[in-house]
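No value in this document is a laboratory result; all are computed from the given coordinates. Please read all numbers here as calculations on a predicted model, not as lab measurements. Ideal geometry is used to build each Cβ from the backbone, glycine not excepted, and the neighbour counts take in all protein chains shown.
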Amino acid sequence: MIKMSGKIYIIGIGPGSSEYLTKKAVDTVKMSDYAVGSTRAIELFSDVKNTIPFNVKELLTTLERGVELASEGNTVSILSTGDPGFSGVLNTVLRISDEKNFPRENIEVLPGVSSLQLAAAKCHIQWDSANVMTFHGRENIDDILPVINNGNITIALPSRKVRDMAQFLLDNGVEKTRKVIVCERLSYPDEKIVASTLNDIANSEFTYMCIIVIYP
Ligand SMILES: C[S@@+](CC[C@H](N)C(=O)[O-])C[C@H]1O[C@@H](n2cnc3c(N)ncnc32)[C@H](O)[C@@H]1O
């Protein structure tokens, strides 16, 4: 017997703390047959029927499994940190769904608070005129050079270590004294916000979970 297509929710879960989860996200996961996401993401929800955890290496196959389960008639919540549309899984899930002929009208995206938004809020930045950039998963970060001197604040997800990114900017002639704020592990109990100069940041260690804010 052929079952009707189910539904896929691509859900932004915010920067990490459950305080930033939307009620819509909680309610949707609760009524879903499956929750697909990192262990850290799944742990934010107390009421989950079936879980499909993934790590980075298995990301694609796990997302494919999620789409297949939806094609078999299940309701599947795919959890994405922050907002799914900013360096999240949105495009990947859409591509897999198209490949598997899963109907777009059965896919709903629920926005979440992006780490970028929380960084802007913590730094009191109105970010509508900021250079918003993501280098996550990218090696080439040259795109930052044409905008770094355009007079606006730059808010970026670094591609690699924050210190390497700062060093890249120094190597490309950006002034040592530029004000930089690094927002690390936002919303977690060990959140750290460090305001310093580009030169100091190039000589400091941070974890990978950072947003870097570079002032003009
Ligand atoms: C795969 S991207 C996901 C971004 C996410 N979609 C968003 O809107 O925040 C992962 C990167 O986002 C940033 N990030 C995610 N959560 C963060 C947090 N709580 N604090 C600081 N940076 C965070 C880090 O740069 C991390 O390497």
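Going through the range 73-98 one residue at a time, which ones are in a helix (DSSP H, G or I) and either surrounded by fewer than 23 Cβ atoms within 10 Å (Cβ to Cβ) or of a type in the set (Ser, Thr, Tyr) (or both)?
Initially, the range 73-98 is screened for residues in a helix (DSSP H, G or I), giving 90-98.
Residues satisfying the conditions are Leu90, Asn91, Thr92, Leu94, Arg95, Ile96, Ser97, Asp98.
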Here are the criteria: (1) surrounded by 14 or more Cβ atoms within 10 Å (Cβ to Cβ); (2) among the hydrophobic types (A, V, I, L, M, F, W, C); (3) within 13 Å of the ligand (Cβ to nearest atom); (4) free of Cβ contacts under 8 Å to residues at least 40 places away in the same chain. Tell me which single one Val56 does not satisfy.
(1)
Can you find even one residue in the range 76-94 that is over 18 Å from Gly112 (Cβ atoms) and either more than 16 Å from the ligand (Cβ to nearest atom) or not aliphatic (A, V, I, L, M) (or both)?
no
